[in-house]
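Here is the structure we will look at, set down as C-alpha cells.
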Amino acid sequence: MYVVLLTYTAPRQELDYVLPDHVEWVARQYDHSYFLASGRREPHLGEVMITRPMTRGKLDAMLATDPLVLGHYAHYEVVEFSATRTCPELRLLNEAVVH
C-alpha cells in the first residue's frame, strides 16, 4: 500500500483552472479501485491519497497521468508500507493476515 502526498507548486489562481480535470482524474482512480481514501491537506497545501497494494511501477505510471503533474502544478511524494494491522473494514488489505 502507499500513502501519496501531493504538494501544490503553483499559485492557487493557476490551480483553479486545472483542478476540475484533477478531480475527474481522481474519480477514475476510484472507478478502477486504485484509491482507498483521499482528501485535502490542511492547510490547503495539497492532498493525501491512500492506495491499494500495487507495483510501484504501476503507481508511478498512474500518478504521471495526473493533470496537476502534467502541467507542473504539483509533485508527489510516495510512502510505501505494508499494512499489518487494520480496522475490520480493511481486513482484506492486511498483508499480515493469510487470506
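Going through the range 55-76 one residue at a time, which ones are over 17 Å from Pro20 (Cα atoms), among the aliphatic types (A, V, I, L, M) and in contact (Cβ under 8 Å) with a residue 40 or more places away in the chain?
The one that is over 17 Å from Pro20 (Cα atoms), among the aliphatic types (A, V, I, L, M) and in contact (Cβ under 8 Å) with a residue 40 or more places away in the chain: Leu59.
Output the number of residues of the range 1-31 satisfying the condition of being of a type in the set (Gly, Ala, Ser) and either surrounded by fewer than 10 Cβ atoms within 10 Å (Cβ to Cβ) or in contact with a helix residue (DSSP H, G or I) (Cβ under 9 Å, 6 or more places away or on another chain) (or both).
Residues meeting the conditions: 1.
Mind listing whichever residues of the range 69-93 are under 22 Å from Gly57 (Cα atoms), among the hydrophobic types (A, V, I, L, M, F, W, C) and either at pLDDT 95 or above or loosely packed, with under 10 Cβ neighbours inside 10 Å (or both)?
Answer for the range 69-93, where residues must be under 22 Å from Gly57 (Cα atoms), among the hydrophobic types (A, V, I, L, M, F, W, C) and either at pLDDT 95 or above or loosely packed, with under 10 Cβ neighbours inside 10 Å (or both): Val69, Leu70, Ala74, Val78, Val79.
List the pairs whose first member sits in the range 13-36 and is more than 18 Å from Leu93 (Cα to Cα), whose second member is assigned to a helix (DSSP H, G or I), and whose Cβ atoms are under 7 Å apart, counting only residues at least 6 apart or on separate chains?
Once the first residue is more than 18 Å from Leu93 (Cα to Cα) and sits in the range 13-36, its partners that are assigned to a helix (DSSP H, G or I) give Val18/Pro67; Val18/Leu68; Asp21/Pro67; His22/Pro67; His22/Leu68; Trp25/Pro67.
Which residues, counting only those in the range 1-24, are outside any strand (DSSP E or B) and in contact with a Ser or Thr (Cβ under 7 Å, 6 or more places away or on another chain)?
Met1
The values are calculated or read from the model by the stated rules, or taken from the named source; none is laboratory data. Since the structure is predicted, the reported quantities are computational estimates derived from the model, not experimental observations. Backbone-built Cβ (ideal geometry, glycine too); neighbour counts: all protein chains shown.
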